[in-house]
1. Among the residues of the range 1-43, write down those that are closer than 23 Å to R123 by Cα, without any contact (Cβ under 8 Å) to a residue 40 or more places away in the chain and surrounded by 10 or more Cβ atoms within 10 Å (Cβ to Cβ).
2. Only one residue in R85, R50 is surrounded by 14 or more Cβ atoms within 10 Å (Cβ to Cβ) and closer than 19 Å to I114 by Cα, so which one is that?
3. Could you identify the single residue in K94, K57 that is more than 26 Å from E38 (Cβ to Cβ) and either open to solvent by 70 Å² or more (accessible area, probe 1.4 Å) or modelled with pLDDT of 95 or more (or both)?
4. For the range 97-122, how many residues meet the condition of being over 19 Å from the mean Cα position of the chain (by Cα) and either within 18 Å of P46 (Cβ to Cβ) or open to solvent by 70 Å² or more (accessible area, probe 1.4 Å) (or both)?
5. So which residues in the range 56-83 are touching a helix residue (DSSP H, G or I) at 6+ places or on another chain (Cβ under 6 Å) and within 22 Å of K41 (Cβ to Cβ), if there are any at all?
Amino acid sequence: MNPMKEVELCTCTEVHPEAVAQARKGELPVPQLLSMSELFKILGDPTRLRIVNALAKDAELCVCDLSRALDMTQSAISHQLSLLRRARLVQYRKEGKVVYYRLDDDHVERLVSIAAQHVAEQRSDVL
C-alpha cells in the first residue's frame, strides 16, 4: 500500500467567481514571491537548518562552538554562515579575534519552529 494519500481532483466545471476574486486579491507580487523562494532555498539545506536550529537554542555561538556542536569542520560552518549572513538570516559581532553569530531576528527562529511543528504533525498522521 502506498503511504502517500491519493490526491482528489476536482471534477466540476463550474467556476466560483467569489473564490477566484479572493484568491487573486491575496496574490503576492512576483518580486516578493521570488524573495520568499530564495529564503526557502537557503533554509532548504539540512546543514544550514542545523546551524539555524543551534543558534535558536543558544543566543550566540562562535564558529568553534558550532563546529563542535554539529561535528563539522570550521571551514564548512564558515561557508554556510556566509550564505546565511548574505541572506540576512544571521548576524555577527566580533569580540577580539572571536566572531559570534546569532539569528538575525525572531522571525528566523519562528520559521524553523513552525516548520518543525508541521513536520511533527505530518509524521504523527502517518503513524
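The values are calculated or read from the model by the stated rules, or taken from the named source; none is laboratory data. This is a predicted model, so every value here is computed, not measured. Note that we place each Cβ from the backbone using ideal geometry, even for glycine, and neighbour counts take in every protein chain shown. For the accessible areas, the whole protein counts, side chains as well, though only heavy atoms, and no ligand, DNA or RNA atoms are used. Shrake-Rupley method; radii C 1.70, N 1.55, O 1.52, S 1.80 Å.
1. Within the range 1-43, F40, K41 qualify.
2. Going through R85, R50 in turn, just one is surrounded by 14 or more Cβ atoms within 10 Å (Cβ to Cβ) and closer than 19 Å to I114 by Cα: R50.
3. K94
4. Total satisfying the criteria: 1.
5. Within the range 56-83, A56, L66, L70, I77, S78, Q80 meet the criteria.
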